[in-house]
Ligand code: PEP
Ligand code: MN
């Protein structure tokens, strides 16, 4: 059971509620992520004995395991703001694009350029890659974070990158990575979730391929409870039945369901769901049509050379075509707010220019 106090509840109100819970033989645990939440365990208490007490906002007798992430707690959509970009609410869908992994400075720059030319408002790229095989490319580690920081300096665009281990949070803070991604494999690693809650920057939380929507929202709850309100949920495909030809199966229905249950922004990753580049654009369109507030898409300057997830990475031209198609269908506006905000031209290698 969860007892939620009113914002103006006094210390005396809290003491009285805790006293009542203990007198009924239960154990109370107080959480203060801004508001005061009391988790009650150990005895069956009639909610009516608490609901009328001074300072009590609401009592959730059979709480689903998340409260802060729920629309009941927070009816308005959360909008996550990152370096002038707004994700969530009624804002146009945000494209986050870039390579699966940071492989070299040159690969990152050229892939970033392709992503930005297509209309990306944030760049993605993993410096720490969680790989199924220990013999696969594991990422460049800190050197990759350094390259991401340099690419941000060059293009002035926020960086989204995965934190694979809780112990590396200080490095993500030192290089000022804008959004911390928590991957599908780690989204139930509670130490990482708690640390991400203390990171002081937005968190992009993927859904695990075998987790329910409720489990996903409870994972988000860990981050919110640790004091970080800026969580972006990312649907990236669940385990498909044997007959399905894609790597995972994008759970399109999860998008409107989560938007109903939660105020947190929801985006979709069609790349990992599809596992094949030709399927990325149609899945991206389906996700936006279903209400996704952004896309996380893998784009690589030369996918056939990629050290990770090359088969699903869009070629630069395909990334542009995907965005063209989204614009034609009016899923995204003609000019992104970033492009419209100023014609800053950033020269690169003295031979090409990029508008951002
Ligand atoms: C990724 O985004 O590159 C990644 C590893 O994704 P996921 O955690 O969804 O497998
Ligand atoms: Mn990948």
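Each value in this text was obtained by applying a stated rule to the coordinates, not by laboratory testing. What you see is a predicted model; the values in this text were computed from it and never measured. In this analysis, Cβ positions are derived from the backbone assuming ideal geometry, glycine residues included, and neighbour counts consider all displayed protein chains.
When region 253-283 is limited to residues that are touching a helix residue (DSSP H, G or I) at 6+ places or on another chain (Cβ under 7 Å), farther than 24 Å from residue 202 by Cα and in a loop (DSSP other than H, G, I, E, B), the one that is nearest to ligand 1 (Cβ to nearest atom) turns out to be 275.
Please state which one of 310, 291, 237 is within 16 Å of ligand 2 (Cβ to nearest atom) and at positive phi.
Numbers: 310 fails: at positive phi; 291 fails: within 16 Å of ligand 2 (Cβ to nearest atom).
Every option except 237 fails the conditions.
Against the list (1) in contact with a strand residue (DSSP E or B) (Cβ under 8 Å, 6 or more places away or on another chain); (2) touching a residue at least 24 places away in the same chain (Cβ under 8 Å); (3) more than 16 Å from ligand 2 (Cβ to nearest atom), the condition residue 221 fails is (1). Residue count for region 191-228, restricted to those that are farther than 24 Å from residue 287 by Cβ and outside any helix (DSSP H, G or I): 7. Only one of the listed residues (127, 43, 120, 114) is farther than 16 Å from residue 158 by Cβ and either within 16 Å of ligand 1 (Cβ to nearest atom) or surrounded by fewer than 16 Cβ atoms within 10 Å (Cβ to Cβ) (or both). That residue is 43. Only one entry in 88, 84 is touching a residue at least 60 places away in the same chain (Cβ under 8 Å) and within 21 Å of residue 223 (Cα to Cα), namely 88. Selection of region 143-158 for residues being within 21 Å of residue 307 (Cβ to Cβ) and either in contact with a helix residue (DSSP H, G or I) (Cβ under 6 Å, 6 or more places away or on another chain) or surrounded by 20 or more Cβ atoms within 10 Å (Cβ to Cβ) (or both) yields 144, 145, 147, 148, 151. Taking region 146-190 as the search range and keeping residues that are in contact with a strand residue (DSSP E or B) (Cβ under 9 Å, 6 or more places away or on another chain) and part of a helix (DSSP H, G or I), which one is farthest from ligand 2 (Cβ to nearest atom)? If we take residues in region 146-190 being in contact with a strand residue (DSSP E or B) (Cβ under 9 Å, 6 or more places away or on another chain) and part of a helix (DSSP H, G or I), then 154 is farthest from ligand 2 (Cβ to nearest atom).
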